[in-house]
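A.B. asks: Below: one structure in structure tokens.
The values are calculated or read from the model by the stated rules, or taken from the named source; none is laboratory data. Here the structure is a predicted model, which means the values were calculated and not measured. When we count neighbours, we look across all protein chains shown, and the Cβ atoms used for this are built from the backbone with ideal geometry, even at glycine.
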Amino acid sequence: MSSVKNRKVRLGVFALCFSASFALIMAGCASSKKYVWLKPGAVKEELLKDERYCRVLADDYRTYFNGLGANVEERAKQLFEECMEAKSYELAEQKP
């Protein structure tokens, strides 16, 4: 096979893979679920205050450990979630 023909075949395969990947990503985005933090008896002001507190905690962790590893962001997210759970919140799927 000539190099021009090889290039065209590789380009076609790339375009097909890119298109398929893009379609899968878009399908995933379209069907993505939204989640909210819920706590029985909590008012919106309390939720906002608690979320702010937990975000500061996670941001401080992120700032302190920035550049020390790839899982810093993942751990900061986990800290935020653990903080909210410690304050008796549950993450629940948002109803439409």
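A.B. asks: Need pairs with beta-carbon distance below 9 Å; first residue at pLDDT 95 or above and within region 77-91, second crowded, with 18+ Cβ neighbours inside 10 Å and among the acidic types (Asp, Glu); sequence gap 6+ or separate chains.
C.D. replies: Final answer for the pair search is CYS83/ASP50; MET84/ASP50; LYS87/ASP50; TYR89/ASP50.
A.B. asks: Further question on the same structure: For region 22-39, give me the residue count where each residue is out of contact with any Ser or Thr (no Cβ under 8 Å at 6 or more places or on another chain) and modelled with pLDDT of 50 or more.
C.D. replies: Residues of region 22-39 that are out of contact with any Ser or Thr (no Cβ under 8 Å at 6 or more places or on another chain), as a first pass: 22-38.
After this cut, where a residue has to be modelled with pLDDT of 50 or more as well, the list is 25, 28-38.
Qualifying residue count, region 22-39: 12.
A.B. asks: Sort out which residues of region 46-70 are acidic (Asp, Glu) and in contact with a helix residue (DSSP H, G or I) (Cβ under 8 Å, 6 or more places away or on another chain), and write them in order of number. Working first, answer last.
C.D. replies: We begin by selecting, within region 46-70, every residue acidic (Asp, Glu); these are 46, 50-51, 59-60.
Of everything in region 46-70, those that are acidic (Asp, Glu) and in contact with a helix residue (DSSP H, G or I) (Cβ under 8 Å, 6 or more places away or on another chain) turn out to be ASP50, GLU51, ASP59.
A.B. asks: Can you name the residue in region 75-96 that is out of contact with any helix residue (DSSP H, G or I) (no Cβ under 6 Å at 6 or more places or on another chain) and of a type in the set (A, V, I, L, M) and, of all such residues, is nearest to CYS54 (Cα to Cα)?
C.D. replies: The first filter runs over region 75-96 and keeps only residues out of contact with any helix residue (DSSP H, G or I) (no Cβ under 6 Å at 6 or more places or on another chain), leaving 75, 77-78, 81-82, 85-86, 88-96.
After this cut, where a residue has to be of a type in the set (A, V, I, L, M) as well, the list is 86, 91-92.
Numbers: ALA86: 10, LEU91: 14, ALA92: 17 Å.
Of everything passing the filter in region 75-96, ALA86 is nearest to CYS54 (Cα to Cα).
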